[in-house]
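Just below is one structure, and these are the notes that go with it.
The values are calculated or read from the model by the stated rules, or taken from the named source; none is laboratory data. On a predicted model such as this, the values are computed, not experimentally measured, just so you know. Heads up, the Cβs are rebuilt from the backbone with ideal geometry, glycines too, and the neighbour counts pull from every protein chain shown.
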C-alpha cells in the first residue's frame with residue numbers, strides 16, 4: 001500500500017530570515033496582488049520560484065523557469081536554504097479560525113516523501129479532473145529547478161488514530177519553526193529524526209490508501225517527471241529521487257479537517273433567459289424564492305436563504321442568486337435520478353454538486369462538460385458574498401451557491417475510482433509552500 005520515506009529537506013535558515021517573510025501560499029492560490037506583496041517581502045521570499053513573473057524580454061535562456069532555478073541555487077550557496085544532515089519527517093500543525101466563525105481549530109499532519117504511483121496501482125486516488133495548462137507550467141518548472149517547494153495534500157483514514165498519537169508526541173515541545181500567514185493561520189513545524197519514531201510512522205501508514213485532497217496537477221506533474229527520468233535513466237531503481245514526491249498526510253478521522261464549498265459564477269451564456277431556464281429544470285427542481293425590494297429587506301432575505309440552504313436536515317437544495325432574488329432549487333420528491341442520470345453512480349447522485357453540473361448547468365443552461373473544463377462560462381468563488389457581488393456588478397448572469405462536500409464522501413468516491421467535477425472541494429487552510437523543499441537529485 002502506501003510507502004512513505006523520511007528525507008533530508010532543504011529548509012530556510014531561521015538564523016538568516018523570518019519564516020513568515022519567505023513562505024507563500026500554493027502557486028494556484030496566489031493572486032496578482034499577493035504575488036506583488038510577496039515580491040516586496042524581501043529578497044529571499046519563495047515567490048520567484050513558486051510563481052515568478054514573465055517579462056516581455058524573456059528568452060529560452062532567461063525566463064521565469066531559469067530565474068527560479070538561479071534563485072534556488074543562489075540561496076543554497078548563501079546558506080539561506082540549508083540541507084538537513086539526516087533524514088526526517090516533519091510534523092505540521094495548522095491552527096486556524098474556521099471562516100465566518102470564532103471557532104479555533106488545529107489540523108494535524110506530517111510531511112514526508114511518498115512513492116509516486118500510477119493511479120492503476122490502487123494506492124493513490126484522485127477525486128478531481130485536471131487541466132493541461134497548469135500541468136505544463138509545473139512540469140517545466142520542475143525540469144528547471146528539480147525541486148518541489150510545496151507539498152501534495154494527501155488524505156488517509158485511520159479510525160484508531162495511531163499516527164495522530166505520534167504527532168502529538170512530537171508536538172509536546174515548542175515548535176522550532178512557526179509562521180502566521182495572511183489569513184491568520186499559524187503554521188508550526190517539528191522535525192522528527194528519531195529512527196524508532198520514523199519507523200513507527202512508516203509502519204502505521206503501510207496499510208493506507210491515499211486520496212489527493214489538493215495538488216492534483218502537481219501529482220500528475222510528478223508522474224510525468226518520473227516517467228521522463230525513467231526513460232533517461234534505465235538503470236535507476238525504486239529508490240531514485242524522482243520516484244518520490246513531497247506530501248503532507250492528514251487523517252480524515254483526525255482533528256481540524258475542514259472542507260469549504262466552492263460556488264459557481266456563470267457568465268457569457270448566449271441567449272440567457274431565466275424563465276426558459278426555470279422551465280427546463282422544473283421537472284427536477286422546485287424553486288423557493290427569497291425576494292426583496294429594498295436593501296433592508298435584502299439583508300433579511302439573505303439571512304433566511306443562508307439558514308435554509310445550510311440547514312443540516314434540509315431536503316437537498318442548490319442555492320441560486322439573480323438580481324433581486326435569492327432562491328433554493330429543491331430536488332422534487334418525485335424526481336427519478338436513476339432515470340435522469342443513468343450513467344452516474346448512486347454515490348454521486350447523492351451530491352448536490354453533481355446535480356448542479358449534470359442537470360442545472362448542462363441541461364438548464366447548455367454549459368457542457370467541455371465548457372466547464374475550459375472554464376468558458378464558469379468561474380469559482382470560495383466566498384458566497386463574492387459570488388453574489390459578481391452578479392450585482394453585472395459581471396455574471398447568475399451564481400449557484402452550494403454546501404461543501406464532506407471529506408468522507410470525497411474518500412468514498414475517490415476510492416471507488418470515480419472523479420468529481422472540477423473545483424469540487426476547498427480544503428481549508430492551504431499548505432504553505434517553502435516550509436520544506438525536496439530537491440529531486
Looking at (1) assigned to a strand (DSSP E or B); (2) free of Cβ contacts under 8 Å to residues at least 40 places away in the same chain, find the lone condition where residue 53 falls short.
(1)
Qualifying residues in the range 351-375 (those that are assigned to a loop (DSSP other than H, G, I, E, B) and either touching a strand residue (DSSP E or B) at 6+ places or on another chain (Cβ under 7 Å) or modelled with pLDDT of 90 or more (or both)) - the one surrounded by the fewest Cβ atoms within 10 Å (Cβ to Cβ):
368
What residue, among those in the range 19-45 that are assigned to a loop (DSSP other than H, G, I, E, B) and free of Cβ contacts under 8 Å to residues at least 12 places away in the same chain, is surrounded by the most Cβ atoms within 10 Å (Cβ to Cβ)?
43
Could you tell me whether any residue of the range 62-69 is in the same structural domain as residue 146 (by TED's automatic domain parsing) and under 23 Å from residue 110 (Cα atoms)?
no
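Yes/no matrix, rows are residues, columns are (1) modelled with pLDDT under 95; (2) in the same structural domain as residue 93 (by TED's automatic domain parsing); (3) within 20 Å of the chain's Cα centre (by Cα):
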site: 392; (1), (2), (3): no, no, no
site: 398; (1), (2), (3): no, no, no
site: 410; (1), (2), (3): yes, no, yes
site: 419; (1), (2), (3): yes, no, yes
site: 435; (1), (2), (3): no, yes, yes
Is it true that residue 100 is free of Cβ contacts under 8 Å to residues at least 12 places away in the same chain and on the phi > 0 side of the Ramachandran plot?
yes
State all residues of the range 177-206 that are more than 25 Å from the chain's Cα centre (by Cα), touching a residue at least 60 places away in the same chain (Cβ under 8 Å) and in a loop (DSSP other than H, G, I, E, B); if no residue qualifies, say none.
193
Any residue in the range 300-324 that's in the same structural domain as residue 334 (by TED's automatic domain parsing) and modelled with pLDDT under 95: show its pairings with residues that are outside any helix (DSSP H, G or I) and surrounded by fewer than 13 Cβ atoms within 10 Å (Cβ to Cβ) at Cβ separation under 7 Å, as long as the two are six or more apart or on different chains.
324/291
Would you be able to say whether some residue in the range 75-90 is surrounded by 16 or more Cβ atoms within 10 Å (Cβ to Cβ) and closer than 23 Å to residue 429 by Cβ?
yes
Test: residue 116 is over 21 Å from residue 177 (Cβ atoms) and either touching a strand residue (DSSP E or B) at 6+ places or on another chain (Cβ under 6 Å) or not assigned by TED's automatic domain parsing to the domain that holds residue 247 (or both)
yes
Could you grab me the full set of residues in the range 287-327 that are buried (at least 16 other Cβ atoms within 10 Å of the Cβ) and closer than 18 Å to residue 363 by Cα?
317, 318, 319, 320
Residues in the range 181-207 that are farther than 17 Å from residue 169 by Cα and surrounded by fewer than 21 Cβ atoms within 10 Å (Cβ to Cβ): how many?
8
Here are the criteria: (1) in the same structural domain as residue 368 (by TED's automatic domain parsing); (2) surrounded by 15 or more Cβ atoms within 10 Å (Cβ to Cβ); (3) in a loop (DSSP other than H, G, I, E, B). Tell me which single one residue 271 does not satisfy.
(2)
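When residues of the range 317-343 are filtered for being outside any loop (DSSP other than H, G, I, E, B) and in contact with a helix residue (DSSP H, G or I) (Cβ under 9 Å, 6 or more places away or on another chain), how many remain? If you could, list the steps in order and put the result at the bottom.
Let us first name the residues in the range 317-343 that are outside any loop (DSSP other than H, G, I, E, B), namely 317-322, 325-331, 337-340.
Add one more test, that the residue is in contact with a helix residue (DSSP H, G or I) (Cβ under 9 Å, 6 or more places away or on another chain), and what stays is 317-322, 325-329, 331, 337-338, 340.
Within the range 317-343, residues that are outside any loop (DSSP other than H, G, I, E, B) and in contact with a helix residue (DSSP H, G or I) (Cβ under 9 Å, 6 or more places away or on another chain) number 15.
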